[in-house]
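Following: one structure in structure tokens, then a few remarks.
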Amino acid sequence: MKDTSNITPATINWRDDTPHSETFDDYYFSSENGIEETNYVFLQRNELQQRWSCWQDNPGNVFTIAETGFGTGLNFLCAWQLWHQQNFNHSRLHFVSVDKYPLQRSDLTRAYKKWPILEPFCQELLNKYPPLVPGFHTIELAGGKIRLTLIFSDATKAYQEVQGRIDAWFLDGFTPSRNPDMWSPTLFHEIARLSYPGTTFSTFTAAGIVRKGLTGVGFNVNKLPGLGPKREICYGNFTKKTKHLSHLMHNQKPWFSGPVCYKTPGTAAIIGGGLAGASIARNLANRGWLVQVIEKHQKTAQEGSGNPTGITFTKLSQYNNPQNRFYQLAYLFSTPLLLELLNNSKFVRGKDWDLNGVIRLAYCEKERLEQIALVKSGLWPQDIAVPLSAKETTALIGFPCETPALLLKQGGWLRPADVVNSLLDHPNITLVCNTQLKELVQINTQVSSSTHHSKQPYWQLTLQKADTDTQLTSDIVILANSFGASTLKQTAHLPLRSVRGQVSYIPASEKSQKLKYALNYEGYTAPARDGSHCVGATFHPKAKHLTLQQEDHVTNLNNITAGLKSFADAINAEKMKNNPGLKGRVGFRCQTPDYLPMLGPVPCVDAFVEDYAPLRKGMLRDAMPLGKYHQGLYVSLAHGSRGITSAPYCAEILANIIMGDVIATDKQVLEALHPARFLIRDIKRRKI
């Protein structure tokens, strides 16, 4: 998951409509009986039908299958079909798979013609198949009943980054003699790390290196006759007892070790009714949690999510580091979710929103060179970012353009409040407005009461509405209230920074109303809504004033003039600079010192300072205790100016953490987002 490497698609030789790998000189599946082979080797040997026939159909129940080679996805499609046949209403199937050389969508389309019985599943997968860029791609299918986490990376490196627990393994790489890296001792160790007593496995091969490797890490291995030309296969289950360590060495980062998870959905109180709060509320509600969203204002989306129009833009970079990978994968996860959400809402595409793409203008020489490097890097292929010449940009947007640009697909413009309210429209979500959180107290009791039945600690919230205080209890609490988190003793230490931003509402002209695409440059401009364009936004880290500033209106207009003068002329930008009656909105972005969101469990400061004091002096020879956290208290904060796309992805990651699912991102990204990262940094620097 490190360095700048990008993904090399599989090189396919088609032999009688069966894909054959040129790299490994092996077939992806049997040309005669591919589905039958999958059923025999993987579904039957892992006893999926038997296990699922007695599976309890509860919202919190997730069955997780992991695979070591996705290939055409045949094993996944057959598992999905079998799960579909169980008619589960609440439980979910999570399928995790990796591929170092993934097939392109065109090759998958051709392969799927062989399996008409799987056509509905094939088509939905093709529609949501991700671009071939490195990292974890989490795809929601079958209305949320199926999660596919597809990792484009080497199998060993990928599973070193996976966190969670696996119920069944499909060990399906190319033949060990032709692809030995897929059957390495290191990979077997990672497979064991993610397993528990009762985890099953099966594989199409019974090669000695495979049987010996699996036995060595704790699996019971059995052999059976193979199907067709394959002489033998093997299968079995994990028998080794899992060790629960209390201490780890410093290079294992014990401070990031997760707290207790909640396998059974309960009650959740979410503080904040903006994009971050609404996203996690909807995600947990879909998983069976009963959610209360506490909002201090009269209605939702009044702080950072309050602009009348926002664009779904993300950080573009040619480098594959955790920060850039987070923003790219957040964009790829969130834009399809937003499209589905808005398509099923009352809001009208083209009038209230559109995800037809964002035009990133090469507004200066530095930006032009960066766009060239970005395209050459391969990390933003043309099914995400399409390079446009000045002539092509002009033809697309309908305004003369003298510079090249990038068309960022799937992006677009929308009203954040519409997204928030659509997310909160769920029977498991209750919205409570005009209510301020005053205090959080953890109740450590093992005794059930008439109002609370959890055997785990729970939270008591003191809420203020008007001049009246009320009490609310909840199993978990999630703070998504930006700067409001600083007022609570558990989170007062978090380094949250305020950045003032002002957007301008520029009256639309007859000519400017023709703009159908969101424009991005030093700032951004959205198509007209309700008679005006939302143009923004300024960036002032130290400013605190709430009143509109004419100089900020001028800055916004100067930026659009530098970005696309023909459009600036269409809105009479020069004249508008002298218009003292211009309207707009002032907001304050919540950011961290490293400009990444803060996501995960809340650390206990005093315990961290005491337990990790050796870090101050470089005393690293002794193991250190696992991190201590406020159990059931989490944050999703500091999404800055990219919350439209970062908040839904963070909600998925946080829900995985809370419920102990396989997490939808790699360990490096998770650590880069972790709320404890600043505490550890300050301890190492001897600031605390």
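The values are calculated or read from the model by the stated rules, or taken from the named source; none is laboratory data. The structure presented is a predicted model; accordingly, all values stated were derived computationally and were not measured. With ideal geometry, Cβ positions are generated from the backbone for all residues, glycine too; neighbour counts draw on all protein chains shown.
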Checklist (1) in contact with a Leu (Cβ under 9 Å, 6 or more places away or on another chain); (2) of a type in the set (D, E, K, R); (3) not in a helix (DSSP H, G or I) applied to residue 351, failing item: (1)
Matching entry among 480, 492 (being without any contact (Cβ under 8 Å) to a residue 24 or more places away in the chain and touching a helix residue (DSSP H, G or I) at 6+ places or on another chain (Cβ under 7 Å)): 492
Within the range 614-678, helices (runs of 4 or more DSSP H) holding 1 or more residues that are surrounded by 24 or more Cβ atoms within 10 Å (Cβ to Cβ) and under 14 Å from the mean Cα position of the chain (by Cα): 643-659, 667-673
Residue list for the range 619-678, restricted to those being over 19 Å from residue 488 (Cβ atoms) and of a type in the set (Phe, Trp, Tyr): 649
Total residues in the range 233-257, condition crowded, with 17+ Cβ neighbours inside 10 Å, more than 30 Å from the chain's Cα centre (by Cα) and either β-branched (Val, Ile, Thr) or in the same structural domain as residue 284 (by TED's automatic domain parsing) (or both): 1
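Every residue, every condition in (1) farther than 21 Å from residue 590 by Cα; (2) aromatic (Phe, Trp, Tyr); (3) not assigned by TED's automatic domain parsing to the domain that holds residue 440, yes or no:
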| residue | (1), (2), (3) |
| --- | --- |
| 505 | yes, yes, yes |
| 512 | yes, no, yes |
| 518 | yes, no, yes |
| 536 | no, no, yes |
| 550 | yes, no, yes |
| 566 | yes, no, yes |
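Answer with yes or no whether residue 260 is assigned by TED's automatic domain parsing to the domain that holds residue 652 and in a strand (DSSP E or B).
No: the conditions fail for residue 260.
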Residues of the range 173-192 satisfying the condition of being touching a Phe, Trp or Tyr at 6+ places or on another chain (Cβ under 8 Å) and not acidic (Asp, Glu): 173, 174, 175, 176, 178, 179, 182, 187, 191, 192
Selection count, the range 289-308, where residues are over 20 Å from residue 438 (Cα atoms), modelled with pLDDT of 95 or more and either buried (at least 24 other Cβ atoms within 10 Å of the Cβ) or not aliphatic (A, V, I, L, M) (or both): 1
Enumeration of residues in the range 333-344 that are in contact (Cβ under 8 Å) with a residue 12 or more places away in the chain and touching a strand residue (DSSP E or B) at 6+ places or on another chain (Cβ under 9 Å): 333, 336, 337, 338, 342
Residue check, residue 200 closer than 30 Å to residue 354 by Cβ and touching a Lys or Arg at 6+ places or on another chain (Cβ under 8 Å): no
Lone qualifier among 230, 223, 212 - being over 36 Å from the mean Cα position of the chain (by Cα), in the same structural domain as residue 165 (by TED's automatic domain parsing) and assigned to a strand (DSSP E or B): 223
In the range 48-67, the residues that are over 31 Å from the mean Cα position of the chain (by Cα) and part of a loop (DSSP other than H, G, I, E, B): 54
Selection status of residue 196, crowded, with 17+ Cβ neighbours inside 10 Å and either at pLDDT 95 or above or hydroxyl-bearing (Ser, Thr, Tyr) (or both): no
Residue among 356, 320 that alone is modelled with pLDDT under 95 and outside any helix (DSSP H, G or I): 320
Flag if residue 146 is β-branched (Val, Ile, Thr), buried (at least 18 other Cβ atoms within 10 Å of the Cβ) and over 30 Å from residue 119 (Cα atoms): no
Close pairs (6 angstrom Cβ cut-off, 6 or more residues apart or separate chains): surrounded by 14 or more Cβ atoms within 10 Å (Cβ to Cβ) in the range 12-24, basic (Lys, Arg) anywhere: 24/178
Criterion: in the same structural domain as residue 641 (by TED's automatic domain parsing), part of a helix (DSSP H, G or I) and touching a residue at least 12 places away in the same chain (Cβ under 8 Å) - qualifying residue of 373, 285, 330: 285
Residue 38 assigned to a loop (DSSP other than H, G, I, E, B), within 31 Å of the chain's Cα centre (by Cα), buried (at least 19 other Cβ atoms within 10 Å of the Cβ) and of a type in the set (Val, Ile, Thr): no
Segments classed as strands (runs of 3 or more DSSP E), wholly inside the range 376-432, with at least 2 members that are of a type in the set (Val, Ile, Thr): 429-432
When residues of the range 114-143 are limited to those that are crowded, with 21+ Cβ neighbours inside 10 Å and more than 17 Å from the chain's Cα centre (by Cα), the one nearest to residue 334 (Cα to Cα): 125
Conditions (1) out of contact with any Leu (no Cβ under 8 Å at 6 or more places or on another chain); (2) modelled with pLDDT of 95 or more; (3) under 17 Å from residue 42 (Cβ atoms); number of the one not met by residue 202: (1)
Flag if residue 12 is of a type in the set (A, V, I, L, M, F, W, C), more than 31 Å from the chain's Cα centre (by Cα) and closer than 18 Å to residue 109 by Cβ: no
